[in-house]
1. In the full protein assembly as shown, how much of residue 475 is accessible to a 1.4 Å probe, in Å² to the nearest 10?
2. Note the angle between two axes, namely the Cα long axis of helix 5-27 and the longest principal axis of the Cα atoms of the chain, as a number of degrees from 0 to 90, rounded to the nearest 10.
3. Using the crude model of +1 on Lys and Arg Cβ and -1 on Asp and Glu Cβ, and no other charge, please compute the dipole size for the chain relative to its Cα centre, in debye to 20.
4. Mind running the shape call on region 166-302? Use the C-alpha gyration tensor, a ≥ b ≥ c as the square roots of the eigenvalues: rounded below 1.5 for a/c, prolate if a/b tops b/c, oblate otherwise.
5. Which of 258/348; 333/411; 70/348 have a Cα-Cα distance over 31 Å?
6. Restricting to DSSP H runs of at least four residues, report the calculated mean residue ellipticity at 222 nm for the chain, -39500 (n - 2.57) per run over all residues, nearest 500 deg cm²/dmol.
7. On a C-alpha basis, how far is the centre of region 248-288 from the centre of region 57-85 in Å? Whole number, if you could?
8. Roughly speaking, to the nearest percent, how much of region 32-158's 1.4 Å accessible area is carbon and sulfur?
Amino acid sequence: MPPTAARLRRSAVIVLTVLLAGIVPVLAPLTNAAHASEHAKTIVGPWTSEDSCATPPVHGFGFDRYGGWKGQHRRATGRFRVDHVGTGFSLFTPLGNAFFANGATGIGPLGDTISDGSSPYHDAVIARYGSDAAWSDATLRRLCALGMRTMGGWVAPSEVDLFAGRLAYTVNVDVYGSLPAVATGPGGNKPRRDVFVANAADLARAAVHANPLVDRCASDPWCIGVFNENEQPYAPAIYAGGTHLDVYLSQPAGAPGKSALQRFFMHRYGTQNPRRFNQVWGTSLQRWSDFQLLSALGGCAPDVGWTDDLCMLDESNDRVADRINFEAEVAGKVARLADSVLNEIEPKMLNLGPRLVVAPYSRQLLRAISAPADIVSVNNYDVEQIANLILTPAQRARMAQLGLLSFQPYKRLAQVAAATHKPVWVSEWFYRTARPGIASTPPFLPERPDPNTRAAAAAHYLNQLLGMPFVVGESWFQWQDQPIVGRQADGENQLIGIVDINDDLNQPLARRLANLYQGIIDRRFAKG
């Protein structure tokens, strides 16, 4: 006998009640008490979004409060961490959800200071919004619309405060720069440091703690981690200031760096006598103690110039190998020192690596500098065309023969990943627009003649990055344009911002980047 409509309704109610009895206890731990009322509670689940952008779910999965996509999940640890996804890597939020760290450096209302101590950008911010807090609310809405979820490098504590609990952030320190400069070496903006001084750990520790954001990062789950260097031009490089081998040789006898260099050569050539060393370097040492009397080897002077330490490319393979391997020893010493200091503060805080400058580094150096890091960070500017103008065909051929890194930006990233087996963060990149009638400073960074060609170049670059499974984040440099008169520190005056000096979006750049950011989940995770 067919059931009546009433009997069907009663049966449906019973089934629904039984199902809810099983589901509700499972969902109960996911209830978000912050949205509760005295009558009802909002159920938080994998389909909901709790991030500050209220991002719509993608493929049925929402986003956690840090901006992590719930469709890819790992064990929650309470901190950002990295793990494998498919054939590559990903960051995961403190709640264990997949996260791609896209954003910009210098996200703050202060902008660049000019020679009179003022900031044209900050003046525009106050005129438009009335306060830094109002600017931050408006900027967060912009970042949400753009699809940018991370404060990259170069943010101050006050700027982190403005986005506290709303945006993940990073911290910058410079362990190499905390060590004493070699007085006999070249000057310039980045003097060579003696990394073998006895109190190196104390100096590094003091420098790291001097940044209040480091101690904050140690206990703040919104902090992704710490970059530990910035663009130290380990040789061979352009405009580096000489290899550490040359600079340390210029020191007085018994100096820590010079003594470390002697130990390096003794390990490579044997401790008994320097006979093989003499053959390679054309010296006539009778005993190893005579090494301390040397002030130079070969013909590469430790001078600052455009192609200073590229002169090593003209030397024999044995000499080049010595230089490369000692450079790796120096870089590895700094990397281990930085990692030790950061681990003393909080072992779970990610070591984001050294923010490598564009250079034809060796694999030995990459492996040494990345070994203690959780992520390898690279300021990966597209300087291939400019490098080809600076370097001779013979120099480029010699670099390839030695297996040094390419200047082609995408090939270079692949080489870094292959050499280190670590995830990569592109910690700086941009394309700037040429200033009409005014030369951009510095002169050698990637520039396009107008906003349209700039946007096209940037979109192509970002599209390439999103297709690289080992890249876990990228940071555009920087949020705002630089003043036309140049910033106070070094005169940089570039049109590089996502916004201009008046805080208007630079179009079509912003639109082209936003279009690509909208597809991040599909590109990075949904097919993983």
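1. It works out to around 0 Å².
2. 30 degrees
3. Values: 49 positive and 47 negative charges, 432 e Å.
With Lys and Arg at +1 and Asp and Glu at -1, about 2080 debye.
4. Details: a/c = 2.86, a/b = 2.40, b/c = 1.19.
Note, shape of region 166-302 comes out prolate.
5. Details: 258/348 36 Å; 333/411 27 Å; 70/348 22 Å.
Result: 258/348 exceed 31 Å.
6. Values: 17 runs with 196 residues, N = 528.
Using -39500 (n - 2.57) per qualifying helix, the result is -11500 deg cm²/dmol.
7. Centre-to-centre distance over Cα atoms comes out at 53 Å.
8. Values: 3110 of 5490 Å².
Its accessible area is 57 percent carbon and sulfur atoms.
The values are calculated or read from the model by the stated rules, or taken from the named source; none is laboratory data. From a predicted model like this one, the values you see are computed outputs, not experimental measurements. Backbone-built Cβ (ideal geometry, glycine too); neighbour counts: all protein chains shown. With ligands, DNA and RNA removed, areas are computed over all heavy atoms of the protein, side chains included. Shrake-Rupley method; radii C 1.70, N 1.55, O 1.52, S 1.80 Å.
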